[in-house]
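**Q** Below is a structure I'd like to ask you about.
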Amino acid sequence: MSPHVSSPRVGGKGRRRSLAGQVERFLPRLVVAPSLAVALFFVYGYMLWTFVLSLTDSRMLPQYDFVGFAQYARLFANERWNVAATNLVVFGGLFIVSCLVIGLLLAIFLDQRIRQEGALRTIYLYPMALSLIVTGVVWRWLLNPGLGIQALVRSWGFEDFTFNWLVDSDMAIYTLVIAAVWQASGFVMALFLAGLRGIDDSLFQAAALDGASLPRIYLRIVLPSLRPVVFSAVMILAHIAIKSFDLVMALTGGGPGYATDLPATFMYAHTFTRGQIGLGSASAIMMLCGVLAILVPYLYSELRGQRNG
Amino acid sequence: MSALNIRHVDKTFGSTQVLKDISLSIDSGEFLILVGPSGCGKSTLMNAIAGLEPVTSGEIQIGGEDVTWHTPAERDIAMVFQSYALYPSMNVRQNIAFGLEMRKMPKAQREEAVARVAELLQITPLLDRKPSQLSGGQRQRVAMGRALAREPQIYLFDEPLSNLDAKLRVEMRTEIKKLHQRLGTTIVYVTHDQIEAMTLADRIAVMRDGEILQLGTPDEVYNDPVDMFVAGFMGSPSMNFIPVTLVSGGDGYVLRVLDGDDPTGAPLELPWPAERDAQALQARVGERLILGLRPEHFVEDETRMETSFDGTRLEVMATVVEPTGADILLQATLGETEATMRLGPKSRVAAGERVALRVDMSRAVLFEATSQRRVA
């Protein structure tokens, strides 16, 4: 308020100051505006465009003959989409559960005041620093029956050993789970470890005096108080699962056949290589709906939590 | 019967010895307070009693049974923690019942115990709340309730009041005392607050550097301290330590207050009461000693309230006057040192004035200057 009150009285000097004030006030907005405009256009604009395209019968190139929700009907009748959607449920479910269990166990073991904890923590966390493409390539070599684990064990003399999940169309989806869990469980461990460190030592002492064994202390007292951490971890892992694309491309390429297709690879294949832009857009919108179905309740509970807290 | 018996307990962390040959025993129903400055080993001793930390050597008996190597759960004890350590995901009822559940008590009995404890501590309306919804004082009650529900042989309290604000601390202190009187429980209580120690304890163990310096009733520890550390630690404002020389004069002994600044002036002399142990003093004539006088051992000379008070007169220069409401604390130079004296609230003393006082030498204590041990 005070600049407004004082400026008429002080005259020219005050006006100059208020000009500087105006610049100061608008400069942040001015600086942020371009990136905001770009973000609006390229994120939300293209989202909208994708939705519009999903209502057309576009093929190689976008065009605007509207066909209503026909592309969605085609999508759900599509055998390959159903495989991709089922794969997502299998992959996502196993990926999230395995990451949580492995991450929690690693965190609990690391929390026992062991030696060299810092070094171990870095080792477990390191896969997160790799690109999923690198992870995919490394595991493709490891799981390749002629090059990797199977060949190694056979060279030790176990001639009958078979580990060919990568080329088995029923099992290939599980190789994705292995690689993704390897990549992400260290990160989940770090989340849990931070949560465990926040727990007062005297809670363990009190529970020990109450006669609870260590597993029971974790089950009854520690885990319930880690619920917010579990929640965050599930959210992060779930959207990694839905968006999974690079790992599939590097590890299996969606194969054998389309056995390891996920919605993201389905969308890419139809939109950019098979000239089915309309169908691809419809699948993209379905993925968006999947992410929103997870994010909206999450954000809602987060914001409500902040208001309460 | 002794509820807790500790024999020659040592505890070392690496090369530092935190408990040095601790031996003590308390009777059933007794309230023992371990008091001392931080780092004196009082919490370590409590953890050793609880079994949370193994001892290096020695023996701990609870109810006559050797529990030195028992787990915390196998010892019949309950503990109230400084941070309360309430289980955050459970409500108050579950918190109180958890220890009973772990000990396989049937559900009906468990509920009965929770109801009894909640009634006792007046937390019945809070039973369905989570710890995060409680205030500090309420959490304190729940933590005590959790201990009481188990009805163990010994209760351990680890600085339970130090997280509360001053007013609540006094209230809870009274509450704990009432509870102890009503239930006759055996309590070991750790604190660094000497007022808590004085008000609550049946017996006080004053600790320093891993040793028990003195174990006695509050009255013994306060009025009959074994050395200058105990004397200075108990009591607030703390005891005045005045360097003196013991001289033999006339029909008894006289303490000449040393005055470094003014050796020419007539030294202040305080006669040692004839009825107190002259034997111990005989060998120490001419020696430098430390005279210990508590602030309340001084009385203003005009006071007519205690007509029988027959102390030694002296005159001092008031340097600082601090009225606390209930009484007035007076700082004055006494020989080489600044001494604190507690005067009645009606006193009209002002800083810079000379004040006539009487001092009650029959309650004075004397220490050796070098070893700080008590002489008389």
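**Q** Using the charge dipole of the protein assembly as shown (Lys, Arg: +1 at Cβ; Asp, Glu: -1 at Cβ; taken about the Cα centre), state which of B:Gly58, A:Ile114, B:His180 has its Cα farthest towards the positive end.
**A** A:Ile114
**Q** On C-alpha positions alone, give me the angle between the axis of helix B:107-121 and the longest principal axis of chain B, in degrees, nearest 10.
**A** Once rounded, the angle reads 30 degrees.
**Q** Determine the dipole magnitude for the range A:28-163: charges of +1 sit on the beta-carbon of Lys and Arg, -1 on that of Asp and Glu, nothing else is charged, the reference point is the Cα centre, and the result goes in debye to the nearest 20.
**A** 340 debye
**Q** Please get the size of the charge dipole for the protein assembly as shown, origin at its Cα centre, with Cβ charges of +1 on Lys and Arg and -1 on Asp and Glu, quoted in debye to the nearest 20.
**A** 3560 debye
**Q** While we're on this one: Once you average over the residues of B:95-102, how many Cβ atoms of partner chains fall within 10 Å of each Cβ?
**A** For this peptide, the per-residue mean of nearby foreign Cβ atoms is 4.
**Q** What is the Å³ per residue value for the convex hull set by the Cα atoms of chain A?
**A** 257 Å³
**Q** Still on this structure, I have one more. So what is the relative contact order for the range A:153-309, in percent, with contacts set as C-alpha pairs under 8 Å and at least six apart?
**A** RCO, the range A:153-309: 21 percent.
**Q** What do you get for the angle between helix B:92-102 and the principal long axis of chain B? Use alpha-carbon atoms, 0 to 90 degrees, nearest ten.
**A** Its long axis makes an angle of about 70 degrees.
**Q** So, one more: Within 10 Å of each Cβ in peptide A:197-207, how many partner chain Cβ atoms are there on average? Round it to a whole number, please.
**A** Going residue by residue through A:197-207 and averaging, the value is 6.
**Q** Averaged over peptide B:47-53, how many Cβ atoms belonging to another chain are found within 10 Å of each residue's Cβ? Write out the running numbers ahead of the final one.
**A** Working: counts 1, 0, 0, 3, 3, 7, 1.
For this peptide, the per-residue mean of nearby foreign Cβ atoms is 2.
**Q** Given a 1.4 Å probe and the protein chains all in place, what does the accessible area of A:Tyr124 round to, in Å² to the nearest 10?
**A** Roughly 80 Å² of A:Tyr124 is accessible to a 1.4 Å probe.
**Q** In Å³ and rounded to a whole number, note down the convex hull volume per residue for the Cα atoms of the range B:240-368.
**A** Cα convex hull per residue, to the nearest whole number: 111 Å³.
**Q** Let me ask another. Quickly work out the A:Ala39-to-A:Lys243 label distance, labels modelled 7 Å from Cα along the C-beta direction, and quote it in nm with one decimal.
**A** 1.4 nm
**Q** Further question on the same structure: Among A:Leu214, A:Leu237, A:Leu196, which one shows the highest mean-square fluctuation when chain A is modelled as a Gaussian network with alpha-carbon springs under 10 Å?
**A** Largest GNM mean-square fluctuation: A:Leu214.
**Q** When chain B is modelled as a GNM with alpha-carbon springs shorter than 10 Å, which of B:Ser248, B:Ser43, B:Ser15 fluctuates the most?
**A** With Cα springs under 10 Å in chain B, the top fluctuation among B:Ser248, B:Ser43, B:Ser15 is at B:Ser15.
**Q** How long are the three semi-axes of the equivalent ellipsoid of the range A:11-168, in whole Å, if each is the root of 5 times an eigenvalue of the C-alpha gyration tensor, listed from largest down?
**A** Over the Cα atoms of the range A:11-168, the ellipsoid semi-axes are 49, 35, 15 Å.
**Q** Tell me what the protein assembly as shown gives for mean residue ellipticity at 222 nm when only DSSP H runs of n ≥ 4 count, each as -39,500 (n - 2.57), the sum divided by the residue total, rounded to 500 deg cm²/dmol.
**A** After summing the helix terms and dividing by the residues of the protein assembly as shown, the value is -14000 deg cm²/dmol.
**Q** Also: State, to one decimal in nm, how far the label point of A:Leu288 lies from the label point of B:Asp209, with both points 7 Å from Cα in the Cβ direction.
**A** Between A:Leu288 and B:Asp209, the label points sit 7.6 nm apart.
**Q** Mind checking which of A:Gly198, A:Asn82, B:Gly249 is farthest towards the positive end of the protein assembly as shown's charge dipole, using Cβ charges of +1 (Lys, Arg) and -1 (Asp, Glu) about the Cα centre?
**A** A:Asn82
**Q** Taking the Cβ-Cβ separation of A:Val137 and A:Ala73 as r and a Förster radius of 45 Å, what is the calculated FRET efficiency to the nearest 0.05?
**A** The calculated FRET efficiency here is 0.75.
**Q** Between A:Tyr300 and A:Val97, what length comes free when the chain is fully extended (0.36 nm per residue of separation minus the Cα-Cα distance, one decimal in nm)?
**A** On the way: separation 203, 0.36 × 203 = 73.08 nm, distance 2.34 nm.
So the extension gain works out to 70.7 nm.
**Q** To the nearest 10 degrees, how steep is helix B:136-149 against the longest Cα principal axis of chain B, on a 0 to 90 scale?
**A** Helix B:136-149 sits at roughly 60 degrees to that axis.
**Q** Follow-up question, since we're still on this one. Sort B:214-222, B:171-179 by the packing proxy (mean of other Cβ within 10 Å over each peptide's residues), most packed first.
**A** Ranked by mean Cβ neighbours within 10 Å, highest first: B:214-222, B:171-179.
**Q** Putting +1 on Lys and Arg Cβ atoms and -1 on Asp and Glu Cβ atoms, find which of A:Leu152, A:Cys289, A:Ser54 reaches farthest to the positive end of the dipole of the protein assembly as shown.
**A** Projecting each Cα onto the dipole axis, the largest value belongs to A:Ser54.
**Q** Still on this structure, please answer the following. So for chain A, averaging the separation of alpha carbon pairs under 8 Å that are six or more residues apart and normalising by length, what relative contact order in percent results?
**A** Contact order relative to length: 27 percent.
**Q** Let me ask something additional. Provide the FRET efficiency to the nearest 0.05 for the B:Leu168-A:Thr86 pair, computing r from the beta carbons and using R0 = 51 Å.
**A** Calculated transfer efficiency: 0.25.
**Q** On to the next question. Please report the spacing between the Cα centers of the range B:15-45 and the range A:107-130 in Å, no decimals.
**A** Centre-to-centre (Cα) distance: 38 Å.
**Q** Sticking with this structure for a sec: Just order A:187-194, A:82-89, B:351-358, A:27-34 by mean Cβ neighbour count inside 10 Å, highest at the front, would you?
**A** So the peptides A:187-194, A:82-89, B:351-358, A:27-34, ranked by packing, come out A:187-194, A:82-89, B:351-358, A:27-34.
**Q** Follow-up question, since we're still on this one. Which order do peptides A:292-304, A:137-149, A:273-285 fall in by mean Cβ count within 10 Å, highest first?
**A** Highest to lowest by the protection proxy: A:273-285, A:137-149, A:292-304.
**Q** Please identify the DSSP H helices in chain A that span no less than 30 Å along the helix axis (Cα) and have a mean Kyte-Doolittle hydropathy of 0.0 or more.
**A** Result, helices passing both filters: A:12-39, A:79-110, A:172-197, A:277-308.
**Q** Take the residue pairs B:Lys107/B:Lys167; B:Lys42/B:Lys107; B:Lys20/B:Lys104; B:Lys11/B:Lys104; B:Lys167/B:Lys346; B:Lys107/B:Lys130 and return only those whose Cα atoms are more than 32 Å apart.
**A** B:Lys107/B:Lys167; B:Lys42/B:Lys107; B:Lys20/B:Lys104; B:Lys11/B:Lys104
**Q** Then there's this: Using the Cα centre of chain A as the reference point, and only Cβ charges (+1 on K/R, -1 on D/E), how large is the resulting charge dipole? Debye, rounded to the nearest 20.
**A** 1800 debye
**Q** Which percent, nearest 5, of DSSP beta bridges in the protein assembly as shown are antiparallel?
**A** On the way: 63 of 81 bridges.
Bridges in the protein assembly as shown are about 80 percent antiparallel.
The values are calculated or read from the model by the stated rules, or taken from the named source; none is laboratory data. Here the structure is a predicted model, which is why all the values come from computation and not from measurement. Methodologically, a virtual Cβ is constructed for each residue, glycine included, from the backbone with ideal geometry; neighbour enumeration extends over all protein chains shown. Surface areas here come from the heavy atoms of the whole protein model, side chains and all, with no ligands, DNA or RNA. Shrake-Rupley method; radii C 1.70, N 1.55, O 1.52, S 1.80 Å.
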